[in-house]
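The values are calculated or read from the model by the stated rules, or taken from the named source; none is laboratory data. Because the structure is predicted, anything quoted here is derived from the model rather than measured. When we count neighbours, we look across all protein chains shown, and the Cβ atoms used for this are built from the backbone with ideal geometry, even at glycine. These area figures cover heavy atoms from the full protein model, side chains too; ligands, DNA and RNA do not enter into them. Shrake-Rupley method; radii C 1.70, N 1.55, O 1.52, S 1.80 Å.
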Amino acid sequence: MNAAPIHRAGHRFMLDPAGAVFWPARRALILADLHLEKASFSAARGALVPPYDTRATLDRLALLLRRYAPDVVIALGDSFHDDQGEARLAAEDAARLARFEAAHRFVWIAGNHDQAMGGATMLRDEACVFRHQAAALEAGQIEFSGHFHPKARIATRAGAIARPCFVTDQHRVLLPSFGAYTGGLEVTAAPIRALFPRGGQVFLLSRERVFAFPLAHAAKAA
């Protein structure tokens, strides 16, 4: 895997093709929007979807935990799809998540889907701010957030392709959704454009690496 380095506030951050950020100075893994148990939530409402989203998401998380061996994992909200999601975990998935938490310190930030489960709404570390949804920034702050599930569409010789992506500028890092059963919002959509009024950089995810291009190029492809 070839993670892409970016530098913010005097620190290096690695944008991993799996859709997570690693902060070497803190040995911190940052990810957003796992939406665990989305399938069981949908099934209870009549949608017939395979009930394997939690297992697939935990499989992907296990690979990152082995790759980076982080001291801390910062989950930027919507870790469960709803407030009862944790109670619906299959026994083996719950046990696996417990093993992860025993080996690494997890910081569970509350999102709009799982806010009733408790947890901090924001974490600060020096100039870095971690929260679920982007908000107004103070001078000098660098924000890491999720919520919008950004994806970008870009033209290729084989036609347009759409993939999850990071979106960054010098003040914000917007993370893609890490969950297996989550959709995405085009980076050309107004809520994302409003966060980057002076433009930004897109880091499109592929299997082995990320591909960087200006946010304006995604707008042209759309």
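For this structure, a couple of remarks:
- Proportion of all alpha-carbon pairs of the chain beyond 22 Å (%): 49
- Value at 222 nm in deg cm²/dmol, rounded to 500, when DSSP H runs of n ≥ 4 in the chain each add -39,500 (n - 2.57): -6000 deg cm²/dmol
- Loop sites in region 89-193: GluC sites (Glu not before Pro), DSSP, at most 14 other Cβ within 10 Å: 126, 138
- Rounded accessible area of residue 80 (nearest 10 Å², 1.4 Å probe): 10
- The residues of the chain expose on average 47 square angstrom of accessible surface per residue, using a 1.4 Å probe on protein heavy atoms.
- Backbone amide hydrogens, once placed in the peptide plane, bring residue 144 within less than 5 Å of 129, 130, 131, 173, excluding anything fewer than 5 places away on its chain.
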